[in-house]
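Worksheet: the structure to be examined is printed underneath.
The values are calculated or read from the model by the stated rules, or taken from the named source; none is laboratory data. Just so it is clear, the model here is predicted, and its values are computed rather than measured. As a convention, Cβ positions derive from the backbone with ideal geometry for all residues, glycine included, and neighbour counts pool all protein chains shown. Areas reflect the complete protein model, heavy atoms only, side chains present, ligands, DNA and RNA absent. Shrake-Rupley method; radii C 1.70, N 1.55, O 1.52, S 1.80 Å.
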Amino acid sequence: MASQRRPEWLRRDIQVSRTSNEVYNIIDELSLNTVCKEANCPNRMECFNRSTATFMILGRVCTRNCTFCNVSKGEPEAVDTEEPRKVAAAVSKLKLKHAVITSVTRDDLQDGGAGHFAEVVKEIQKLGQAITVEVLIPDFDGDEAALDKVIASKPDIINHNIETVPGLYSKVRPMAIYERSLELLKAVKDKDSTILTKSGIMLGLGESEAAVINVMKDLRSVGCDIITIGQYLAPSIHHHPVIEYVHPDIFEKYKGIGLDLGFKNVVSAPLVRSSYHADEVLSDK
Ligand code: SF4
């Protein structure tokens, strides 16, 4: 287990600014949730200062129990049918060029919330301001009809995190299935190859380098275009412990390996998160 003291490359000192306060106010006024806040993301001040945020729809309570995640687990909240319109309003007020939408997992809903995701995408597209939309979706319990709803709404990027290596799933992501997550990413490409696919993995949970490279190869085998690689940070002592603080040189190494494997983009560094600087990924293309 890694020592509690974080290495210098993981320490951040970002000031609250007028811009970040504006972002907070807009999100609060519209009673929206962000994964930035719910997951206690270390980058949120930087992102808010850049007027970006990742909206978390379908409530703040998840039906799964991933041991790395800070999001509340338990009895999910009622779905806010006004949320698609409110998210679009926030995107407009924040003048976002790239909107990222994620959610808790809602195994309690018939389509896992897929229809609600599609509504959010359509409301943002209705703004007609060439805003690109990225959805970071759960696995919808492998329900293809649910996934089809999201694909049909034509987001620019469909992101689904593989999170860790298959050997650690039982400890880290017990209600998920590695192959099911790969199949989801493959289905998107098979059904609409104009949509970019993206996935992400955390390091420092006890994975081996060979296992990480195998995950990257598996993702490329299902046509995944973009991968994010970041350091796992335990939200509390009750969460999965940090086994290792991986050195930035290793992240650089994975970046090189990923580009050699054919990813269009590899965003790999200790503080990288799924939607960190997500807007830049498209501008690089
Ligand atoms: S499914 Fe997502 S939101 Fe739910 S516990 Fe796992 S990582 Fe957290």
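Across segment 125-136, computed HN-Hα scalar couplings (Karplus, 6.51 cos²θ - 1.76 cosθ + 1.60, θ = phi - 60°) run 5, 4, 5, x, 10, 6, 7, 7, 10, 10, 10, 9 Hz from first to last residue, x flagging Gly and Pro. The trypsin sites (Lys or Arg not before Pro) of segment 48-134 that DSSP puts in a loop, and whose beta carbon has at most 10 other beta carbons within 10 Å, are Lys95.
With the convex hull drawn around the C-alpha atoms of segment 8-284, the volume per residue stands at 120 Å³.
Springs between Cα atoms under 10 Å define the GNM used for the chain, and in it the highest mean-square fluctuation of Ile137, Ile26, Ile151 occurs at Ile26. Taking 7 Å steps out from each Cα toward its Cβ at Ile243 and Val16 produces label points 3.8 nm apart. Ranking Ser275, Ser170 by solvent-accessible area of protein heavy atoms (1.4 Å probe, all protein chains present), from largest to smallest, gives Ser170, Ser275. A Cβ-based charge dipole, computed about the Cα centre of the chain with Lys and Arg at +1 and Asp and Glu at -1, lands at about 640 debye. The portion of the accessible surface of segment 151-285 made up by carbon and sulfur, rounded to a whole percent, is 54 (1.4 Å probe; DNA, RNA and ligands excluded).
Simple spin-label estimate for Asp190 and Lys73 gives 3.1 nm between the two label positions (7 Å along the Cα-to-Cβ direction from each Cα).
Amide H contacts under 5 Å for Ser72: Cys62, restricted to partners 5 or more places along the chain or on a different chain, H placed in the peptide plane at 1.01 Å from N. Between Lys171 and Ala145, full extension at 0.36 nm per residue minus the direct alpha carbon distance yields a gain of 6.5 nm.
Based on alpha-carbon centroids, what's the gap between segment 2-67 and segment 176-190 in Å, whole number please? One Cα centre to the other: 27 Å.
Converting phi to 3J(HN,Hα) with the Karplus coefficients 6.51, -1.76 and 1.60 and the offset θ = phi - 60°, segment 230-239 yields x, 7, 6, 10, 5, x, 7, 6, 8, 9 Hz in sequence order, with x at every glycine or proline. In plain terms, the C-alpha convex hull of segment 1-158 casts an average shadow of 10.5 nm² when viewed from every direction. Extension gain for Ser236 to Glu280 (0.36 nm times residue separation, less C-alpha to C-alpha distance): 12.8 nm. Taking a straight Cα-Cα cut-off under 21 Å and skipping sequence neighbours fewer than 8 places away in the same chain, the lysines within cross-link reach of Lys86 are Lys37, Lys95, Lys97, Lys122, Lys126, Lys149, Lys154. Per residue, segment 8-284 exposes 42 Å² of accessible surface when a 1.4 Å probe is rolled over the protein heavy atoms with every protein chain present.
For the pair segment 121-170 / segment 193-245, the C-alpha centres are spaced 17 Å from each other.
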